[in-house]
Structure formats: C-alpha cells, structure tokens
Amino acid sequence: MSGSNQPGLISLFVLLIFAQGCSGRSLSKNSESSPSSDTITYTAPLPKVSAGGHHTCGVTGAGVFNCWGRNIEGQLGNGTTTQRNSAVVIDSGTSYSQISGGTSHSCGITTAGVLKCWGYNYYGQLGDGTTTQRNSPVVIDSGTSYSQISSAGPHTCGITTAGVLKCWGDNTIGELGDGTTTQRNSPVVIDSGTSYSQISAGNYHTCGITTAGVLKCWGYNYFGQLGDGTTTQRNSPVVIDSGTSYFQISGGGHYTCGIITAGGLKCWGRNIYGQLGDGTTTQRNSPVVIDSGTSYSQTSTGATHNCGITTAGDLKCWGCNDYGQLGDGATTQRNSPTVINLN
C-alpha cells in the first residue's frame, strides 16, 4: 500500500505475521524460535498489541488489558491455565499502558508505571525473586516505575522511567548483560550509569539504545547477531556500529535489525533464510545497509523473517516464507524487501 495513510493497520499486520519461522519449533540457543515480540501501535480498537509464542495480548484505549490463546503456563494471566480462543480481561480494574508477550510469559506496565509479569517462570523470567509459575499478574521490582518492557523466551528486560536498564531471567549465554552467566530471578541493573531509551530482547541476545542514540548488544553471538564483527559471546553490553545514531532496534531469532536516526535500515546476523534482506543468504557479523536509499520508520523481526514500514508508508517484508508469513501471495523465500499490498 504505497503512500498509505493507515500506518496503524500496517503495523498490526507486521506484528501478527511475527509467527515462528521456517524451522523453529522449540526454544534453544540454536533453534529459530520466536524471540520477543515488539509492541506496535494500532489505531483501533486496540492501541497496543503484542504477540507472544502462542498467545496474544492487547490494551484497549481505556487501558484495559486483554489476552487470548495458549495458557498452559498461565501466560494469559487470568488465574487459570485454560486456553482462551477469544479475548479475556486481565487484572480487571487496572489500567495498562505497555505490554510485551514472551514465548510463555507476559509482562505489562500500568499507567502508574508499575511493572507486572505472569506465566512461565522456570528461569526466573518473571523477576519476582522465585521460579514459581504465576497464573495472575504479580508486581515486579516494587517501588520502581517502568516505562518500557521487552519479554523474550527465558529472559526479560525493562527500562525504568529514570532510564535505568534492568534485566532478569536466564543468563546461560550472557543475555542479561551483567557481566556473568548467572541466572537472576529479580531485576539487576545493566550498564550502570548509562541511560537507555529502548530495549529489545531477542533469542538469547539483547540490544538496547541509549538516550544518546548509541546502540549496544550482548549475549549469544554464534551467528553474528550482536553485530560487533565477531562471533564471540559478550556478557556485557558492547557498542555496535560506533559513530552511528540509532532510534529503533528489534532482536529476532538469531539476527537483529535497527533503524538509524537518518532513517536507514541495517540488519546483521544469521541469514540462511534471507532474513537480513541484503539480497543474499550470507551471514553478516556487522550491520549492513538494507534497501539502500529507502527511509524506514519501523521494523519488526520475527524468528526467520522481517518486516518494515518505510516513511512513505510502504510495508515491506522479506525472509522465510514457507507459511506465507511475508504476505506477498506466495510461499517463496525473499532475500530482499518486497512490497506487501494490504486490502
């Protein structure tokens, strides 16, 4: 839809095709499993919606939290483990402003800045100091006000209203960024003294943007998904693409894409399904320009495919397409951004 004046509709489409990619079925450091979902704005009726592993949550204009889908790990947060095929209200009477659906858990931020999480907690990804599954929302990091949250598979990261970055959960491959590989069942400060504006938890790696526009990544790096020019695991944040200012970042299965402040799109990491969009299937260990000459306003990475919205309003997708997740009317892999037309 060239020059569309309906960015909300396009954004929702980008989010909902986030589904698992070509070969991903289980969460492991080498699988192409669904990473964290990016919360993307939608005009109506749900201003914000976030798709997790097999469930979805949305917040209405009035701040009412709704979830639906798989619920065996309590990820819906309605106090049960019963699957719901239609939306059910969560945490009735509480107004929410932010949401993030992980693989089997969910987190949300109330309009008062209170962070709550629920669902699967084997790795401490809820951050309540335990590894106990929670079927209803529980307050996390009581007394701290949050502005952003990003839920992945076994770990979660959030940014406080003061710009402090905190992460918790599994840390086997350094994805928390605290300089260790120790699991954390409660939020721990990451990169102390640095103020962050955006965070994206991918599949065993994490990337964040500081308030100065500096991009940093850490964690698993076997496929070059950190973008530091190596395949070396990093247990602490390292600067990526030094000298370049970023305003959006999205961590996928084993790759990452970001938009620089000038609007250019860059991607890096695993590329076996063409998910980087550089016209090849070659792994890239450093950021490469995608769709040169085109300015982007949003990008959302899935397990093995990616979509973005240009500043002209065009929706483009690329990568794995075995289930038609690109939306181009075919099931053919695309190694370069392809314009998607919406009805």
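Quick notes on this one:
- Pair list, Cβ < 7 Å and 6+ apart or interchain, from segment 207-222 residues that are touching a residue at least 60 places away in the same chain (Cβ under 8 Å) to residues that are part of a loop (DSSP other than H, G, I, E, B): Tyr220/Lys29; Tyr220/Ile173; Tyr220/Glu175; Tyr220/Tyr204; Tyr220/Gln233; Tyr222/Thr231
- Here is the figure for segment 58-84: residues that are closer than 18 Å to Asn135 by Cβ and either in contact with a helix residue (DSSP H, G or I) (Cβ under 9 Å, 6 or more places away or on another chain) or surrounded by fewer than 24 Cβ atoms within 10 Å (Cβ to Cβ) (or both) total 15.
- Candidate set from segment 173-190 (those that are under 19 Å from the mean Cα position of the chain (by Cα) and part of a strand (DSSP E or B)); member that is nearest to Tyr255 (Cα to Cα): Ile190
- Scanning segment 173-193 for residues that are surrounded by fewer than 17 Cβ atoms within 10 Å (Cβ to Cβ) and touching a residue at least 40 places away in the same chain (Cβ under 8 Å) returns Gly179, Thr180, Thr181, Ser186.
- Among the residues of segment 86-93, at least one is among the β-branched types (Val, Ile, Thr), touching a Gly at 6+ places or on another chain (Cβ under 6 Å), modelled with pLDDT of 95 or more and buried (at least 22 other Cβ atoms within 10 Å of the Cβ).
- Residue match in segment 243-252 (condition: among the β-branched types (Val, Ile, Thr) and crowded, with 21+ Cβ neighbours inside 10 Å): yes
- Residue among Gln133, Gln148 that is within 17 Å of the chain's Cα centre (by Cα) and not β-branched (Val, Ile, Thr): Gln148
- Criterion applied to His54, His105 was being under 21 Å from Leu176 (Cβ atoms) and not charged (D, E, K, R), and the one residue passing it is His105.
- Among the candidates Gly129, Gly153, the residue that is modelled with pLDDT of 95 or more and of a type in the set (Gly, Ala, Ser) is uniquely Gly129.
- Filter result for Ala44 (surrounded by fewer than 23 Cβ atoms within 10 Å (Cβ to Cβ), among the aliphatic types (A, V, I, L, M), within 14 Å of the chain's Cα centre (by Cα) and modelled with pLDDT under 55): no
- Segment 303-320: number of residues that are outside any strand (DSSP E or B) and surrounded by fewer than 24 Cβ atoms within 10 Å (Cβ to Cβ): 4
- Filter result for Gly327 (touching a strand residue (DSSP E or B) at 6+ places or on another chain (Cβ under 9 Å), touching a residue at least 60 places away in the same chain (Cβ under 8 Å), surrounded by fewer than 24 Cβ atoms within 10 Å (Cβ to Cβ) and not in a strand (DSSP E or B)): yes
The values are calculated or read from the model by the stated rules, or taken from the named source; none is laboratory data. In this text, all values refer to a predicted model and were calculated from it rather than measured experimentally. Note: ideal-geometry Cβ built from the backbone for every residue, glycine included; neighbour counts use all protein chains shown.
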